Amino acid sequence: MKILITGSSGFIGKAVLKRISNGQSDNQILLLSSKENHTYSTYIYKKGDEKYHWDIPDNFDIVVHIGAWIPKSTSETQNIDKGFDNILFTKSLIQSQKQLKRIVFISTTDVYAATSEIISENSYVKPISIYGYSKLYCEEMVSSWAKQNNVECCILRLGHIYGVGEAEYKKLIPILIRQGIANNAINIFSSGNELRSFLNIDDCADVIWQATIGHMQGLYNVVSGHSTSVKEIAQTIKRLAESKSEIIIQNQPIETRDCVFDNSHLKSTFKIQEKPLEQGIKEEIEYFKGLSE
């Protein structure tokens, strides 16, 4: 099978390529990326005025579309131009393929409405950001195109993914790790009791690869079924980093909510053994320490 993967230079894409190298079959892997990769044949794309430029053949069997603008922090989630880029790139990609048999589209749980109820694939969809809306629009576009062209389609909505490689992101775990290994104060602005569900990047990459070489169709949330409070995450990071940091619970009057998932649908189809959060955090701490050396 001839497989095209987009987004191979990002946090998720790099992990997927690592997973492939650990269990490669006879499939031919090619990349569509903004950066060259000397391990795999790579097609380079460039963004022009309202158009993406690339020179890729139209005879791929499978496309794994990971590539997208993903906000690195909350302040970036409402970027209209970047959101439109997600839509334009996806539209150009699917229209370039004439012999495609299967597409795996990587989306996000940011398409769901803000809620403290347990989130499943049946939860109410109403994004609170331009990023979320752009991914939801792409979901509808890809699934409609796939149905019209008799192409197998699997949509994976990624939840809170953490692990080695996310240094560019200003998210909870990377922020707390940086504070901890620097022995700076670990600040929690809320009560710290709100729950979060984190899935390790290795588990996420394995699910994406299973979806690529399998025949799963439909919609799946790629999420953890375990939840931990923000306060407990901070305490775990401090302990594993052997940090002298003080954890400061500021208890500011800010609105918070739990973010907890039901991953029974995912586990009913995919083989997944979640890496323990403590093990994953320990690996990420060592990764960050290596970056600071």
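The values are calculated or read from the model by the stated rules, or taken from the named source; none is laboratory data. Since the model is a prediction, treat every value here as computed from it, not as a measurement. Quick reminder, even Gly has a Cβ in these numbers, built from the backbone with ideal geometry, and neighbours come from all protein chains shown. To get the accessible areas, we keep the full protein, side chains included, count just its heavy atoms, and leave off ligands, DNA and RNA. Shrake-Rupley method; radii C 1.70, N 1.55, O 1.52, S 1.80 Å.
Checked across region 129-140, the condition of being of a type outside the set (S, T, N, Q) and modelled with pLDDT under 95 holds for no residue. Of all residues in region 256-273, those satisfying the criterion of being open to solvent by less than 80 Å² (accessible area, probe 1.4 Å), at pLDDT 95 or above and more than 22 Å from F189 (Cα to Cα) are F261, D262, N263, S264, H265, L266, T269, F270. Filtering E166, E117, E121 for residues that are within 14 Å of the chain's Cα centre (by Cα) and part of a loop (DSSP other than H, G, I, E, B) leaves a single hit, E166.
For region 236-255, filtering for residues that are within 24 Å of S191 (Cβ to Cβ) and surrounded by fewer than 16 Cβ atoms within 10 Å (Cβ to Cβ) leaves 10. Once region 127-151 is narrowed to residues that are out of contact with any Gly (no Cβ under 8 Å at 6 or more places or on another chain) and open to solvent by 50 Å² or more (accessible area, probe 1.4 Å), the residue that is farthest from T212 (Cα to Cα) is I128. Tell me, please, whether a residue that is surrounded by 20 or more Cβ atoms within 10 Å (Cβ to Cβ), under 30 Å from I237 (Cβ atoms) and among the small types (G, A, S) can be found in region 153-173. Within region 153-173, one or more residues are surrounded by 20 or more Cβ atoms within 10 Å (Cβ to Cβ), under 30 Å from I237 (Cβ atoms) and among the small types (G, A, S).
Among residues belonging to region 80-94 that are touching a residue at least 12 places away in the same chain (Cβ under 8 Å) and open to solvent by 60 Å² or more (accessible area, probe 1.4 Å), point out the one that is farthest from K2 (Cα to Cα).
That would be I80.
Residue-by-condition table, conditions (1) in a strand (DSSP E or B); (2) within 20 Å of S8 (Cα to Cα); (3) not hydrophobic (A, V, I, L, M, F, W, C):
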{"residue": "C138", "(1), (2), (3)": "no, yes, no"}
{"residue": "K147", "(1), (2), (3)": "no, no, yes"}
{"residue": "R157", "(1), (2), (3)": "yes, yes, yes"}
{"residue": "L219", "(1), (2), (3)": "yes, no, no"}
{"residue": "H226", "(1), (2), (3)": "no, no, yes"}
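Can you name every residue in region 1-21 that is over 20 Å from the mean Cα position of the chain (by Cα) and either surrounded by 23 or more Cβ atoms within 10 Å (Cβ to Cβ) or not hydrophobic (A, V, I, L, M, F, W, C) (or both)? Answer for region 1-21, where residues must be over 20 Å from the mean Cα position of the chain (by Cα) and either surrounded by 23 or more Cβ atoms within 10 Å (Cβ to Cβ) or not hydrophobic (A, V, I, L, M, F, W, C) (or both): just K2.
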